[in-house]
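Before any comments, here is the structure.
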Amino acid sequence: MRLKRLAVRNFRNLRDIDMPLEPGTVIVGENRSGKSNLLHALRLVLDASLPNTDRHLTPEDFSEELSDADRDPMTEREVIEVIVEFADFEDDALSLTAISEALVEDDPSTARLTYRFAPRDLPEGGDASRTPYRWQIVGGSEPTQTPISNDLRGYLHMAFLGALRDAERDLAVWRRSPLRPLLEAAAGAASVDELLKAEEAIAGANAVLTSLAGIGHLADAITARTDVMVGNNQSLDVTLGTGPADPLRLLRTLRLFVDGEARRPLASTSLGALNVLYLALLELDLEARVGERDLAHLVLAIEEPEAHLHPHLQRLLFGRLLRPDETRSVLLTTHSPHIASVAPARSLIVLRGEGRTTTAFAAANAELEDAEWDDIERYLDATRAELVFARGVLFVEGYAEQVLVPRLARTLKFNLDKRGVTVCAIHGTHFEPYVRFAQALGVRWAVVTDGDPDADGDLEGEARARRLLDALDIEEDEEPADHGIFVGATTFEYDVYTASDTNRALCSSVLSRPARTPTKRTIEGWASTQPDVSGYLRVIENVGGKGRAAQQLATAKLEPPKYVADAIRHVASHA
């Protein structure tokens, strides 16, 4: 079983969101884009721990587009709706039974739960300006939707972990601690004889302690003092001990310690380690409940789990948690590229704020083959998924462009970081899957590719651009540059060198510094005779290769070739 779809209408800044979900969904977006609102909308449907009073919304919970100083959305009888769909439950009898009330008529392999906050039907002659609202959770599809029982929602258990939670405090509070159900289960597995032996041991320990000099007298003294203070009728009969003799009650006093035999309290360890411990306890509890068939399916929602976790721990923990598992669906929001880098590429969703509302872009909508998805996942892992967080991206062929393009952008007065633009080297010319992926995530893109002239002077880069236009279903007579594809004259390195007289002088000066004497003489000769492409690239190889040369040239204030400048403006001017 898995979560299949989440749709939200008119809730806060989620005016109209409808997106596919994967078993491990990772939601990213800038601050105030609606990530927390999205998880709260899911809780309105599935979280049994959310008080019903929190499900009764207010005018402030309606989309800002529906309200202003002169308009009350509740007077206008607007409706807030959250739809959650499940799929892949046919082979699990418990799941099928649990979800049977919510089957969609025209698609029996899908079950739908809908939270609706809507006006009640008015009695005849009622005052339309004072319409009472109510919330409902119903199952199935219209017009046969029926109210969903708490029992069903109990089988579809949702666990929510909020941002910046205090793991130490939650572990210390018996009612909230994920240790509680594990201890209760362990106690339930003990036999009567074992519990009696534990009770005798506790009583013996209490007797030994209270027989110590002064301990018994102290209890008597406390009792006597309360008698003096409030009288015999209301005084307290006090005893001292390590805990109640009842072992089941004593279980509540058990506490976790760290560092083995040192038995240090949780407060002595790091916040990151406490979060790891908390997740481990939660997983153990939920796995046990699913295994015992107390739950048909678990939905685990985590808000910004990266707090206090080292990048390597983020990748280890969430790379594992986000793996497909038929017993659970995981949704998490994050600002961490380390978590996004280990997420299944299809699972990524980007929320983008646009004015007073938000649009959701799902990577799963990209039309890619399985092999292309595999390439994207490897690329995201290697680059720490910076592309996913960008407002705009410049796709380039290699490392040299990745190093130099941000410097060339500064010459044009564009700070790419401030504009949220990333330069992504794909280390080749297979741009199509990356472009499709960026489009699915709503990222503005441009491609910068070499001209690569052949022996006849025809540009392979132009043919490459035409093939990309065709793959994107763009008319053949359209200009590639009008659609974000920019082609150079030769190679990037040589195009930079020949972009201006200033560039030629700077490149000659910079490249001569690490060069040996024969190469220095070759560079000095460029003052009278400009090198051709092969001669220039040969010198670059002699001074350490394209990557090393790009690092050296990034210190100079070079002017961008026109096609590179056009690509930068295409993305950065709109990011």
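The values are calculated or read from the model by the stated rules, or taken from the named source; none is laboratory data. Predicted model, so just to flag it, every value in this text is computed and none were measured. Please note: Cβ atoms are built from the backbone with ideal geometry, for glycine as well, and neighbour counts cover all protein chains shown.
Taking every residue in segment 149-170 that is surrounded by 13 or more Cβ atoms within 10 Å (Cβ to Cβ) and pairing it with any residue that is hydroxyl-bearing (Ser, Thr, Tyr), at least 6 positions away or on another chain, the pairs with Cβ-Cβ distances below 6 Å are ALA167/TYR278. Looking at ALA565, ALA550, ALA505, just one residue is surrounded by 13 or more Cβ atoms within 10 Å (Cβ to Cβ), assigned to a helix (DSSP H, G or I), free of Cβ contacts under 8 Å to residues at least 12 places away in the same chain and not charged (D, E, K, R), and that residue is ALA505. The set of residues in segment 74-94 that are assigned to a loop (DSSP other than H, G, I, E, B) and under 28 Å from PRO20 (Cβ atoms) comprises GLU78, VAL79, ASP88, PHE89, GLU90, ASP91, ASP92.
Can you pull out the residues in segment 354-380 that are in a helix (DSSP H, G or I), under 19 Å from the mean Cα position of the chain (by Cα) and either in contact (Cβ under 8 Å) with a residue 60 or more places away in the chain or buried (at least 17 other Cβ atoms within 10 Å of the Cβ) (or both)? Selection gives ALA363, ALA364, ASN365, TRP373, ILE376, GLU377, TYR379, LEU380. Checking segment 244-259 against the condition returns no match, with no residue being among the hydroxyl-bearing types (Ser, Thr, Tyr) and part of a strand (DSSP E or B).
Tally the residues that are among the charged types (D, E, K, R), modelled with pLDDT under 75 and not in a loop (DSSP other than H, G, I, E, B), restricting the search to segment 156-175. Residues flagged as among the charged types (D, E, K, R), modelled with pLDDT under 75 and not in a loop (DSSP other than H, G, I, E, B) within segment 156-175 amount to 1.
With respect to the conditions (1) surrounded by 15 or more Cβ atoms within 10 Å (Cβ to Cβ); (2) more than 15 Å from VAL330 (Cα to Cα); (3) within 20 Å of the chain's Cα centre (by Cα), THR25 falls short on a single one, namely (2).
In the condition set (1) among the small types (Gly, Ala, Ser); (2) surrounded by 15 or more Cβ atoms within 10 Å (Cβ to Cβ); (3) free of Cβ contacts under 8 Å to residues at least 60 places away in the same chain, ALA296 is compliant with all but (3).
Okay, residues lined up against (1) modelled with pLDDT of 80 or more; (2) part of a strand (DSSP E or B):
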site	(1), (2)
GLU124	no, no
GLN136	yes, yes
PRO143	yes, no
ARG153	no, no
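Across segment 313-343, the number of residues qualifying as over 11 Å from the mean Cα position of the chain (by Cα), in contact (Cβ under 8 Å) with a residue 12 or more places away in the chain and surrounded by fewer than 23 Cβ atoms within 10 Å (Cβ to Cβ) comes to 11. Residues of segment 17-34 that are among the charged types (D, E, K, R) and modelled with pLDDT under 95: GLU22, GLU30, ARG32. Counting residues in segment 515-533 that are out of contact with any strand residue (DSSP E or B) (no Cβ under 7 Å at 6 or more places or on another chain) and closer than 18 Å to TYR399 by Cα gives zero.
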